[in-house]
Structure formats: C-alpha cells, structure tokens
1. Restricting segment 273-300 to residues that are among the hydrophobic types (A, V, I, L, M, F, W, C) and in contact with a Leu (Cβ under 6 Å, 6 or more places away or on another chain), which is farthest from I130 (Cα to Cα)?
2. Applying the selection to segment 6-26, what residues are among the polar types (S, T, N, Q) and either modelled with pLDDT of 90 or more or surrounded by fewer than 16 Cβ atoms within 10 Å (Cβ to Cβ) (or both)?
3. Is it true that R157 is closer than 13 Å to A230 by Cβ, in a helix (DSSP H, G or I), in contact (Cβ under 8 Å) with a residue 40 or more places away in the chain and not acidic (D, E)?
4. Give the residues of segment 438-458 that are assigned to a helix (DSSP H, G or I) and either closer than 30 Å to I295 by Cα or at pLDDT below 95 (or both), sorted by residue number.
5. Search segment 383-405 for residues being among the hydrophobic types (A, V, I, L, M, F, W, C) and in contact with a strand residue (DSSP E or B) (Cβ under 8 Å, 6 or more places away or on another chain), and hand back the single one that is surrounded by the fewest Cβ atoms within 10 Å (Cβ to Cβ).
6. If I filter segment 147-157 for residues that are more than 24 Å from the chain's Cα centre (by Cα) and at pLDDT 95 or above, do I get at least one hit?
7. Take the residues in segment 296-318 that are among the charged types (D, E, K, R) and either buried (at least 21 other Cβ atoms within 10 Å of the Cβ) or under 26 Å from H355 (Cα atoms) (or both), then tell me which one is farthest from the chain's Cα centre (by Cα).
8. List every residue pair whose Cβ atoms sit under 7 Å apart, with the two residues 6 or more apart in sequence or on different chains, where the first one lies in segment 84-108 and is over 19 Å from L356 (Cβ atoms) and at pLDDT 95 or above and the second, anywhere, is part of a helix (DSSP H, G or I) and among the aromatic types (F, W, Y).
Amino acid sequence: MPTMQTETTNHPISRQQEHLETLIRRYTQRTKTSKQISQNYRPVLADIRATVGFDLAFKEMVYPIVGKRSLGSKTWDVDDNEYVDCMMGFGVNLFGHNPAFIKEALVEQLENGIQLGPQSEFAGEVAQSICEMTNTERVAFSNTGTEAVMTAIRLARTVTGRNKIALFSGSYHGHSDATLVEARIVDGNIRTVPSALGIPLNLVQDVLVLDYDNPRSLEAIKEHKQELAAVLVVPVQTTRPDLQPKMFLQELRQLTTELGITLIFDEMVTGFRIHPGGAQAYFGVQADIATYGKIVGGGLPIGIIAGKAAYMDAIDGGMWNYGDDSYPSAKTTFFAGTFCKHPLAMAAARVVLQHLKTQGPALQQQLNQRTSQFVTTLNAYFEEDEVPIRLANFGSLFGPASSDNNSSTANAAASQSMNLLRYHLMYRGILLLGAGGYLSTAHTDEDINYIIQAVKDSVTELREAGFLPEKSALIN
C-alpha cells in the first residue's frame, strides 16, 4: 500500500486510514472465495501472480482473482462477480473470450484427437498464412514466446558466427537467462548484469543493454559491429506505449543491414494487433527474424519464429526436393520441443489467421481508433479534473504515459494513485493488467462507458479520502 500522505486541513491521515480499511473490507468480502483459494493452496502452489504488487499495508487484498468462466468482454470469478476484462489474457484475446469460431475449431480437433508425434495436419498451412501476412519466408513453431526469442537469438548466432547481442532498457523478451539483464553502474562503469537471482554473470556478458530511441545507441552498435550477432527490439514497449520511434527503428534497420547484424523484432504483443503485418508493416521496417505468439494462438500456448530463409534454414538445413540430388545443405543448430505444433494450437492458429485475412486491416484500424478515443476521453477528464494521471495507447494496448517529471516524489504520488485506483476498479468489476490493459473486438460501447464512469467514481472517492489533491490545491 502507498505510504500515508502528509496530513492536510481537509483530509487528515485518519481519514485516509478509514478509507483504506473500508476499501479492504468491501473488496475482500466481494472476492472472499478467491482470497480463500489463494490461502488454501499457498503451501503447495508456488505462484508469482499471487504476490504481484505485494505491500504489507495492502496485504489483505494481494491475491489473484480466480476466474470461473468467460465470454466476450466479460469474466466471472468464483464468487460469480462479473468483470469487464481488460487483461484479455495478457494480450492474447484480441477477439474477446471464447469466440465461437475458435471454439468450434478446438471442438472439432478434440473429436479428431491430439496426435503428438505425427506432423500436425495444419502446420504447413499455418506457416504459409503467417509468411503471407508478415512478409516473411519461413516459419518455425515453439510453445512460448520465451522459447521463440531464445531460438531467434540462437539462429542469429549460428548464421553470423558472433556471440554478442544488443537489446534495449525497458524491453521484456521472456524469462530465459540470456535476456533477463539490465544495465547498472558498477565501479563507476556501466555494466550488463542479471536482473534476477540465479543467473550467473557469465551468461549475460555477451549482452549489450542500450537506451531505446537514443542516437547514441546506434553509435554503440557501430562500436561493437565485429561482435554483434543481433539487435533485439520490442518495437513498442508495453511499459511505454507512447514511445513509438518510427525514425529510430528505420535507422536501426539501415544500420544493421550495412553492418551485417541480424535485426530481430519481438512482436509478441504488437504482432497481428497494430496491423495484420504487425509493427513491421506499421513502421515500414522488415526485420531479419520476428517472433510472435499471444493473439495468433487463439488462447492456446504458441510461439512463432518467422524470418528470412538464410536464418530459418539453420533449423532444418534449408530447402531440398525429392527426385533429384538436393539435400539439406545449410549449417544447423539445435531446436526441439515435445509440444511444438500441438494440434490444438495449430487448429486455433489456423482459424485465427483465416479470420484476420477475411476481416482485413479494417479490424485493427477500427479497434485502434476505438482505443484511441477511449484514452482521449479519459485524458480529457483527467486534465479537466486535475487528476495526476495520463494514459497513452499503441493500437488497442493502453497504459500510463511516460512521465517527463524526474521527481521521485511526483512519480511515487502517481504510483500511489494508480495502485489505489486499480483496486477501486476491480471492486467495481473491471480487470486491468497493472495500470493498463487491452481492448478487444468484443468490448462494446457500453463496456467502455462503464469503465469511464467507474474511473470517475473511483477518483471521486480517492479525492474525498485525501489520496488525490483537491482541484483548488493545484491552482496557483
């Protein structure tokens, strides 16, 4: 929970405490079964999501909402509370929960069986559809985004014969050891160090961490051109949706091409969301390798590595034909996975890609426009009511805008506001992903209006309790 604010004339600390106690009591009563399940299984279930946002003062409200069913834009928990869901499966459910066309494909595949071992019936068709939509040459399938990124890096190292990779601060590329890194000042020098315990220092020594959208990062790439196998980039980071550096990405593409460095786009979130061709099509940049997941799996676990044949051939040796003397001649690295090309994932991906192709770019364009209008409406309210929150969006992804205020006090105050606001919104039946989330094609105008009104009602309560400054206090 946030630290108590300094006492003011109108809102003493005791009033803040009273508000918090009331909120905790109402929230935990409404979601009591979710809380009880979390407590009951904590001895046996090690679950990072059960401690997200842990704070001693918020302790009684720190537990995941346990879902029981979902449909469209809505989720119902085990206490039968209804939520307008803006988590959308962490960005998976572009079409809402349990869309009929995906459900029908899964039921049909279940009736036919889950054949692991034989090639999935739809694997080739799905690969071809991805190539056509993303303007890539070849595709391989993994089970998760982490595996896809890990494989893309391995392919780049195999083909270039170099070891070092560069990535950017603020990006998330899954939880493999090689990408859980950060830049830190050690003995007066900037060093790459593990960002989590259990990762040996030697595993991250071949990673260069750079500032995103910073011209000096391009100079650093030039300095390390003889060592770099790849530059790995999330084109728009989920934590900074307002940072959309088209020019930087185009310059990065030109530079890596000139230096013979592999450019890898991590499109787990942006892929198929911002445009049918992803962020590459949106920004006019074609990477050497791109990784996808989330949306294309239709709710099933999936990871996709797509790229130029010169890189993808390192998985299977490349193209060859029957009836002649051709053979898989490209040098290869190791790639495997029991559940790669799982029949259910392939069946879901097949109909997702068919649906996207049928709908065309209008699907993303309309959803992007609705999300922009949603964010604009909220920001207009925040500005008029002098609430210290600003949102931004990239397509149907939305979240807090990057702050230009370097004051730690100001940032802490904004964090306070968002944490309390999130609990107020969950109490009112809105699920967010942190302080932001996603809109889907299933969200209605009624859903959006409900969210906006819930935000206004929550802000009013927080202001009355003294957690947000009075409007008059902001006017000089």
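The values are calculated or read from the model by the stated rules, or taken from the named source; none is laboratory data. As the structure is a computational prediction, the values presented were derived from the model and not from experiment. Don't worry about glycine lacking a Cβ; one is built from the backbone with ideal geometry, like all the others, and counts go over all protein chains shown.
1. Only one residue tops the list, namely F283.
2. Step one: of segment 6-26, the residues among the polar types (S, T, N, Q) are 6, 8-10, 14, 16-17, 22.
T6, T8, T9, N10, S14, Q17, T22 - these are the residues of segment 6-26 that are among the polar types (S, T, N, Q) and either modelled with pLDDT of 90 or more or surrounded by fewer than 16 Cβ atoms within 10 Å (Cβ to Cβ) (or both).
3. Yes, satisfied.
4. Of everything in segment 438-458, those that are assigned to a helix (DSSP H, G or I) and either closer than 30 Å to I295 by Cα or at pLDDT below 95 (or both) turn out to be D445, E446, D447, I448, N449, Y450, I451, I452, Q453, A454, V455.
5. Going through the qualifying residues, I end up with A401.
6. yes
7. Checked segment 296-318; the qualifying residue farthest from the chain's Cα centre (by Cα) is D313.
8. V84/Y450
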